[in-house]
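Have a look at the structure below, then the notes.
Bear in mind these aren't lab numbers, they're just calculated from the coordinates by the rules spelled out. Bear in mind that the values here come from a model prediction, so they are computed numbers and not experimental data. In this analysis, Cβ positions are derived from the backbone assuming ideal geometry, glycine residues included, and neighbour counts consider all displayed protein chains.
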Amino acid sequence: MTLQQLQYVVALDTHRHFVKAAESCFVAQPTLTLQVKKLEEEVHLTLFDRSVKPLEPTPQGARFIVRARQILREVEGLKEMVNQDRQSVEGNFKIGIIPTLAPYILPLFLKVFQEKLPKVSLEILELQSDVILEQLRVGQLDIGLLVTPTHIPQLREIKLFQEPFWVFAAEGHKLLKKQAIDAAELPKEDLWLLQQGHCFRDQILNVCQTNAQETTQPIQFKTGSIETLKRMIQNHKGFTLIPELAIDIQDQKWVRPFKDPQPARQIGMVVHGSFTKEVLLKELRDSIIHSVPDHFTKSHEYFTVQWR
């Protein structure tokens, strides 16, 4: 069993196609196929079910691949440890970010980050929280930007900021008559929600101290976009909660803050416990922290809303 064989197996799991996996490893497809077959013979396991398209790991293969990814991460960490120039960061990294954060935070910090680390290439994916956490756990992502805490022991969390929630309501709604809103006063009727699977949906329900079955809304509209919810409310009725970064200048007449202590979501970077690129994490954290409003990182009164 060689590290190269493990790399081929991981590439095949990632791409679920022999030709694409071989191309990602810069080898000929027959070479990759032969090495995977040799590894299967050595360990006496069939790692992939080739009878389905796209191919997929067998149950035993899936467990093997998780361990293979961990071994490759540890080897990469060992290389990093003996690297004489720890301040030099370069290479390709995959970042997962939740959809309720991506459109608001990415434009704020990416330019500054690229100027700091010009040799770093980022592949950024919009994914729901549970998908990000699973891909971090098995090594398919390097960094996650999402709501924390995650309560997963294998993962390491780096706090970034607390983002307050605001009420967004239709013109004439009774909530807009208040200068600031007590979370306990939020009604259960006319509450618009993101579709199931988004952590922000669960946070809204927690702030409103209700569940989806108790909310009354004649139109059941399933969306993962905060912007779509805002447009629906502006042209219809009802209300929802939005994170502060989602507020633009045109939204001022439809939004109201909460009274202290404000409900907020805690945004953090999450990596696997074996991730060793400390310079990368520091520069990414600094770029994000300096891009958000100052009061996000100050000691204002908040209560962090749990999402899981």
Distant-in-sequence amide H partners of LEU146 (H built 1.01 Å from N, under 5 Å): GLY268, VAL270
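Nearest 0.05, what FRET efficiency do ILE124 and ALA28 give at R0 = 25 Å with Cβ-Cβ as r? Don't skip to the answer; put the middle values down first.
On the way: r = 31 Å, r/R0 = 1.23.
Working from the Cβ atoms, E equals 0.20.
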Express as a percent, rounded to the nearest 5, the fraction of DSSP beta bridges in the chain (both residues included) that run antiparallel. 60 percent
Calculated FRET value between LYS111 and ILE289, using beta carbons and R₀ = 22 Å, to 0.05: 0.90
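Express in nm, to one decimal, how much length is gained between GLN179 and LYS20 on full extension, taking 0.36 nm for each residue of separation and deducting their alpha carbon distance. All intermediate terms of the calculation are to be shown ahead of the outcome.
Working: separation 159, 0.36 × 159 = 57.24 nm, distance 5.69 nm.
Gain on extension, GLN179 to LYS20, equals 51.5 nm.
For the chain, what is the mean residue ellipticity at 222 nm derived from helices alone (per DSSP H run of n ≥ 4: -39500 (n - 2.57); sum divided by total residues; nearest 500 deg cm²/dmol)? Mind dumping the intermediate values first?
On the way: 9 runs with 114 residues, N = 308.
Using -39500 (n - 2.57) per qualifying helix, the result is -11500 deg cm²/dmol.
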So, relative contact order of the chain in percent, Cα under 8 Å, 6 or more apart, is 22 percent
Based on other C-beta atoms within 10 Å, arrange SER287, SER225, SER121 from fewest to most. SER121, SER225, SER287
Per 0.36 nm of contour for each residue apart, how much would the distance between GLN252 and ILE71 grow if the chain were fully extended, relative to their Cα-Cα spacing? 60.0 nm
Under 26 Å from LYS174, Cα to Cα: lysines that are on another chain or at least 8 residues apart: LYS188, LYS222, LYS230, LYS237, LYS253, LYS259
